[in-house]
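K.L.:
I'd like to ask you about the structure that follows.
The values are calculated or read from the model by the stated rules, or taken from the named source; none is laboratory data. Model, not experiment: these values are computed from the prediction. Neighbour counts are summed over all protein chains in view; Cβ atoms, including those assigned to glycine, are modelled from backbone coordinates with ideal geometry.
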Amino acid sequence: MLKLFEAVGEYLILMRASFARPEKSKMYWLETMRQCYSIGIGSLPIIAIISLFMGAVTAVQFSYQLRSISLIPMWWMGAIVRKSMILELAPTLSALLLAGKVGSNIASELGTMRISEQIDAYEIMGVNTRSYLIGPKIVAAVFMFPMLVVISVFLGIIGGWLAGVLGNFYSSSEYVRGVQDGMKSYDVFIMFIKSVLFAFIISSISCYKGYTVKGGAVEIGIASTQAVVQSSVVVIVVNFLVAFLLL
Amino acid sequence: MIEMINVKKSFGEHQVLKGISAVFEEGKCNLIIGKSGSGKTVTLKCLVGLFEPDEGSILYDNRDITKMDFDEKKKIRQEFGMLFQGTALFDSLTVEENIRFPLDMFTDMSDAEKKERVNFCLQKVNMSGTNKKYPGELSGGMKKRVGIARAIVNNPKYLFCDEPNSGLDPKTALIIDRLIKELTEEYNMTTVINTHDMNSVMSIGDKVIFLHEGIKYWEGTNKEILEITSGELFDFIFASDFLKELRMRAKF
């Protein structure tokens, strides 16, 4: 228990130091852009594939259930897929996926830099490594995750349309009607709140795990795994809290 | 000049440095030698501020780094250059980007000036033309040279080298030693080298400090070290029976 409190304290101190005043804004800007590219563009293909299929599976499974209840019109499917994607599937499943991809990448990159003395090299040059190596990663994640989630929602809805129309569950016009029906901006607000929170959780926990690695290759592997597992657990808990408090 | 005054450092119950005092002189190669576990690396890390000593002072031309806050330490570190044992080159950057990083971060030089400075440093270490290569494409000796180029790019007053010859063949090691010596004399830097390579001691050791179990056991020049005939330092220098025998034969 004491270790947990120590770790949380260490994490909070590291986070505070990660947003210190930059030595040279241009260098931090360039590093943030590099991270945006790595986190955002680098994750786009996997997010695109997963989202298409998430939307498709949602459409097929709900259609299967609704067919047996003839009272519910099939045009509702568009609304069901849209709502599921916006409120839950896009932000949460994308976050879990990105915890695996981006989180492990960040933890192993920083861990390797720590073990190979690259972080010491920055320190000796006079660079504040906490703000230079951690700050841009968190800023990039918080900036890029919501964009990825928006793309995920869009592709999920397309996936639902493709699966339903190709599988003859409903017509294209029925689906489009459902997608447009009863759209609430509050749902989109919740989606953005979730994606920003999840981005911060995943990037900050992964940075903490990677930056504080001690030892060698085995410890980098352990830190990388812990980054994924711990950030996934926190994402799930925060997901529940957001739904509980805001919906 | 760097002055260490009664520096002590412990990790848990284990005291690694037991009160080290030493002076590292300007324009000279100051070597710290000793067996593995004698406290060389901890001494070097205390010097550059990566470890906080438990007691004692470290003065850089009368500026005590142990009493500096985070920002002051950052500032004085811009006067440091360091060559790491594993070179610590940034994998994701090219040779040129590695070397120009301190210039990008801490100077307002124009791109043309930075390029000129990078090429000058590369030429100093005989690595001209490797600007666009990545560290992964270089041999061990080449990486060390690039590491030296990066260490000197900001005209440091103090140069630190941690085991500069480790993993190199004797001929390349000699080239790296000579390079460090030339640069130290040319730019009048205070150079501190952490090594257990006796070839380095003999070729560039203007001043040699021998650490044994966390204390300064001996201090002198590379000429004086050959006069040693017994004790821990003798065992360190003439580690093998073969070398001891050669030494005894040369004596009589």
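K.L.:
Regarding B:G37, is this residue of a type outside the set (D, E) and surrounded by fewer than 21 Cβ atoms within 10 Å (Cβ to Cβ)?
P.N.:
yes
K.L.:
For the range B:95-121: of the residues being β-branched (V, I, T) and surrounded by 17 or more Cβ atoms within 10 Å (Cβ to Cβ), which is nearest to the other protein chains (Cβ to nearest Cβ)?
P.N.:
B:I99
K.L.:
How many residues are closer than 14 Å to A:I80 by Cα and aromatic (F, W, Y) if we restrict to the range A:170-202?
P.N.:
Of the residues in that region, 2 qualify.
K.L.:
Further, regarding this structure: Determine whether the range A:16-27 contains at least one residue that is within 26 Å of A:G126 (Cα to Cα), polar (S, T, N, Q) and surrounded by fewer than 18 Cβ atoms within 10 Å (Cβ to Cβ).
P.N.:
yes
K.L.:
Could I ask something else about it? Among A:V127, A:V165, which is without any contact (Cβ under 8 Å) to a residue 24 or more places away in the chain and among the hydrophobic types (A, V, I, L, M, F, W, C)?
P.N.:
Selected residue: A:V165, the only one of A:V127, A:V165 that is without any contact (Cβ under 8 Å) to a residue 24 or more places away in the chain and among the hydrophobic types (A, V, I, L, M, F, W, C).
K.L.:
Could you check the range B:9-57 and list, in sequence order, the residues that are in contact with an Asp or Glu (Cβ under 7 Å, 6 or more places away or on another chain), within 14 Å of chain A (Cβ to nearest Cβ) and either of a type in the set (S, T, N, Q) or outside any loop (DSSP other than H, G, I, E, B) (or both)?
P.N.:
Of everything in the range B:9-57, those that are in contact with an Asp or Glu (Cβ under 7 Å, 6 or more places away or on another chain), within 14 Å of chain A (Cβ to nearest Cβ) and either of a type in the set (S, T, N, Q) or outside any loop (DSSP other than H, G, I, E, B) (or both) turn out to be B:T41, B:L44.
K.L.:
Could you grab the pairs with beta carbons closer than 6 Å, sequence gap of 6+ or different chains, first residue in the range A:106-118 and more than 9 Å from chain B (Cβ to nearest Cβ) and buried (at least 21 other Cβ atoms within 10 Å of the Cβ), second one of a type in the set (A, V, I, L, M, F, W, C) and assigned to a loop (DSSP other than H, G, I, E, B)?
P.N.:
Note: pairs meeting the criteria are A:G111/A:V213; A:R114/A:V213.
K.L.:
Take the residues in the range B:59-77 that are crowded, with 16+ Cβ neighbours inside 10 Å and away from chain A (no Cβ under 14 Å); name whichever of them is modelled with the highest pLDDT.
P.N.:
Filtering the range B:59-77 for residues that are crowded, with 16+ Cβ neighbours inside 10 Å and away from chain A (no Cβ under 14 Å), the one modelled with the highest pLDDT comes out as B:L59.
K.L.:
Could you check the range A:1-92 for helices (runs of 4 or more DSSP H) lying wholly inside it with 2 or more residues that are under 25 Å from A:A199 (Cα atoms) and in contact with a His (Cβ under 9 Å, 6 or more places away or on another chain)?
P.N.:
Helices (runs of 4 or more DSSP H) meeting the threshold: none at all.
K.L.:
From the list B:A151, B:A88, which residue is under 18 Å from A:V127 (Cα atoms), within 12 Å of another protein chain (Cβ to nearest Cβ) and in contact (Cβ under 8 Å) with a residue 60 or more places away in the chain?
P.N.:
The unique qualifying residue is B:A151.
K.L.:
Which of the residues that make up the range B:122-148 are among the small types (G, A, S), over 20 Å from A:V127 (Cα atoms) and within 13 Å of another protein chain (Cβ to nearest Cβ)?
P.N.:
Scanning the range B:122-148 gives a single hit, B:G136.
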